[in-house]
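The values are calculated or read from the model by the stated rules, or taken from the named source; none is laboratory data. Bear in mind that the values here come from a model prediction, so they are computed numbers and not experimental data. Backbone-built Cβ (ideal geometry, glycine too); neighbour counts: all protein chains shown. Please note that ligands, DNA and RNA were not included when accessible areas were found on the heavy atoms of the full protein model with its side chains. Shrake-Rupley method; radii C 1.70, N 1.55, O 1.52, S 1.80 Å.
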Amino acid sequence: MRLGVLDVGSNTVHLLVVDAHRGARPAPAYSEKSVLRLAEHIDDDLNLSAAGEEALTEVIASAVKASKRLNCDDLMAFATSAVRDAHNGDKVLARIQKATGVDLKVLDGPAEARLTFLAARRWFGWSAGRLLCLDIGGGSLEVATGIDEEPDVALSLPLGAGRLTRERLHGDPPSKAQVTALRTHVDEELKTAVKALADREPADRVVASSKTFRSLARLAGAAPSADGPYAARSLTSVGLRQIVAFISRMSSADLAELDGVSAARAHQLLAGAVVAEAAMNAFKADRLDICPWALREGVILRRLDWLDGN
């Protein structure tokens, strides 16, 4: 069957169309991204602005047309932290459904972590043993660990690269004092996750998904995206430490010139790198492997499981 997945994130809205059935690898048929930076449309009252809602409605309407043109059997639409955090989120979603016919589901943080973990488990397989999965988004950091397809622990922390850039890093590049203060804040927030995982067995393999980790791995010398999803990519703590020291002195315009760094996300790469480094330190990970599958694939896999069960 052909499935469309519409992922409304803090930075981008991504439509992914795949041909899939249970037991087979979902094969990408079409991909389309729109950079909306919805999180930047959250006002001081924590409401999504009218301009943000209008832009989101237009993108969703366009995605509906694309899914029909591509003969999708179904379009699954979900939103993460930007809409989740907006106080007027329910009203916005109701208006979007009326305008486009799309029932946009809001995933809570733990659900996001569980679905991303499922994608990583299916990608790396049972031979990977106990996994620790990290995912840095625009608004939050998801952490999950377990030996099965359902993690033992799944949680979400307000440590997204976009969120921290807006709230704590000002200037381009930010000052050393701001970066130091950010490190302190991230270390403090991570204590919740460290405590939650304290009585669990150590992970046999630490893995990471998301554009932030992929960009950092590329800067550390990992294979470019042109080499395809099956090229093994990893990131070491030593390499990451060198990257953080390097990019902390660079403007976002200069960062955008680096291979693997998109112009749309360059301004938040430093915050993402600080979170990545702090997480690796907190969980005592010397190395992590990059997973090309993430939340969208997790949603697809879970949907196929449900269809088979029915």
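A straight chain from Asp148 to Thr180 at 0.36 nm per residue would run longer than the Cα-Cα distance by 7.8 nm. For the residue pairs Lys68/Lys91; Lys191/Lys211; Lys105/Lys191; Lys33/Lys65; Lys191/Lys284, the C-alpha atoms sit more than 18 angstrom apart in Lys68/Lys91; Lys191/Lys211; Lys105/Lys191. Karplus-derived 3J(HN,Hα) values for the stretch 265-270, using 6.51 cos²θ - 1.76 cosθ + 1.60 with θ = phi - 60°, are 10, 4, 5, 10, 5, 4 Hz; glycine and proline are entered as x.
Taking one quarter of the surface of the convex hull spanned by the alpha-carbon atoms of the chain gives a direction-averaged projected area of 15.5 nm². Once all protein chains are placed together, Ile290 keeps about 20 Å² accessible to a 1.4 angstrom probe. Provide the FRET efficiency to the nearest 0.05 for the Asp44-Thr192 pair, computing r from the beta carbons and using R0 = 25 Å. In this case the efficiency is close to 0.40.
The sum of -39500 (n - 2.57) across all DSSP H runs of n ≥ 4, divided by the residue count of the chain, sets its helix-only mean residue ellipticity at 222 nm to -13500 deg cm²/dmol.
Each part reduced to its alpha carbon centroid, the stretch 255-301 and the stretch 19-56 end up 18 Å apart.
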